[in-house]
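To start, the structure itself, in structure tokens.
The values are calculated or read from the model by the stated rules, or taken from the named source; none is laboratory data. As the structure is a computational prediction, the values presented were derived from the model and not from experiment. All Cβ positions, glycine included, derive from the backbone under ideal geometry; neighbour counts span all protein chains shown.
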Amino acid sequence: MRKIVLTTTAVVSVIGLIVVWPQAVVRMLRALFPNVFWDIRTHERVIAITFDDGPDPAFTPKVLEILRKYKILATFFLVGERVRRFPELLQQIQADGHDSGNHTDSWRRTIQQSNEEFARNLICAEQSIGLRSAPKLFRPAGGMIRAGQIQVLRKHQYSVVLGSAYAFDPYRPPRKYIEWAIARALKPGAIIVLHDSGGDRSKTVEALPAIIENALKAGFRFVKLSEFLKSDSCPTH
Ligand SMILES: [Zn+2]
């Protein structure tokens, strides 16, 4: 139960930990942590869809095929060591025009890493993924991060992206549940969090067409996160 609660929506507590909390707290947190994004600040009917933990030879190509079919651009939070193992999948993600973000260098939880370790892993993943210019996007592995690690990210010009629509798909709930959980969390600016790696993600892949169709039917448009999350550290010319 604790695990589930910790991965829903994130909050920065007084002790400097981002843990998970009901959505009501998010507004207050925004003011405190302007570089941490739970959703997109907009009244337009735009949403973003994101995929964590890949790339994965079994599931990423299927996800890409579905996204291509619906002409939707997504954001993939990629794991450095997997990118080095499957460089052709990174190429495919980027060739299709999707955003790639940093999800550290392995599946190991971010919060379990010392700040030094974390900084090293961040850079390894950054180089493997080929993230060069701002806005650089980061999502902590395991959904939690310490305040000290946020400082490291700030130094390296990252925006921290969590999310607002979760289906707990790593726990492999039924396809119908995944569809329902995402549909009920749709609102302007929602950031959908799904997983295309880290285990059997066939339920996620099965649910994806209905997730997209539900959103389109409700008048939402999908956008890449980079269109919205501009970094404040690098001026663009
Ligand atoms: Zn992850």
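Overview of results
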{"read-out": "Some residue of segment 69-78 being touching an Asp or Glu at 6+ places or on another chain (Cβ under 8 Å), among the polar types (S, T, N, Q) and more than 12 Å from the ligand (Cβ to nearest atom)", "value": "yes"}
{"read-out": "Segment 150-169, subset surrounded by fewer than 21 Cβ atoms within 10 Å (Cβ to Cβ) and of a type in the set (A, V, I, L, M, F, W, C), residue nearest to the ligand (Cβ to nearest atom)", "value": "Phe168"}
{"read-out": "In segment 176-196, residue farthest from the ligand (Cβ to nearest atom) [restricted to those that are hydrophobic (A, V, I, L, M, F, W, C) and within 23 Å of Leu78 (Cα to Cα)]", "value": "Ala190"}
{"read-out": "Residue within segment 152-159 that is more than 20 Å from Phe76 (Cα to Cα), of a type in the set (Val, Ile, Thr) and in contact (Cβ under 8 Å) with a residue 24 or more places away in the chain present", "value": "yes"}
{"read-out": "Residues located in segment 136-149, provided they are over 13 Å from the mean Cα position of the chain (by Cα) and crowded, with 23+ Cβ neighbours inside 10 Å", "value": "Ile145, Gln149"}
{"read-out": "Of the criteria (1) more than 16 Å from the ligand (Cβ to nearest atom); (2) in contact with a helix residue (DSSP H, G or I) (Cβ under 8 Å, 6 or more places away or on another chain); (3) in contact (Cβ under 8 Å) with a residue 60 or more places away in the chain, which one Ala147 fails", "value": "(2)"}
{"read-out": "Close pairs from segment 103-114: first over 22 Å from Gly130 (Cβ atoms), partner within 9 Å of the ligand (Cβ to nearest atom), Cβ under 7 Å, at least 6 apart", "value": "Arg109/Ala141; Arg109/Gly142; Ile111/Gly142"}
{"read-out": "Residue among Glu206, Glu213 that alone is at pLDDT 95 or above, closer than 22 Å to Asp39 by Cβ and surrounded by fewer than 22 Cβ atoms within 10 Å (Cβ to Cβ)", "value": "Glu213"}
{"read-out": "Residue in segment 114-121 that is within 16 Å of the ligand (Cβ to nearest atom), surrounded by fewer than 23 Cβ atoms within 10 Å (Cβ to Cβ), modelled with pLDDT of 95 or more and within 23 Å of Gly199 (Cα to Cα) present", "value": "yes"}
{"read-out": "Val12 being touching a strand residue (DSSP E or B) at 6+ places or on another chain (Cβ under 9 Å) and modelled with pLDDT under 60", "value": "yes"}
{"read-out": "Qualifying positions in segment 135-144 - in contact with a Gly (Cβ under 8 Å, 6 or more places away or on another chain) and away from the ligand (no atom under 12 Å from the Cβ)", "value": "Lys136, Leu137"}
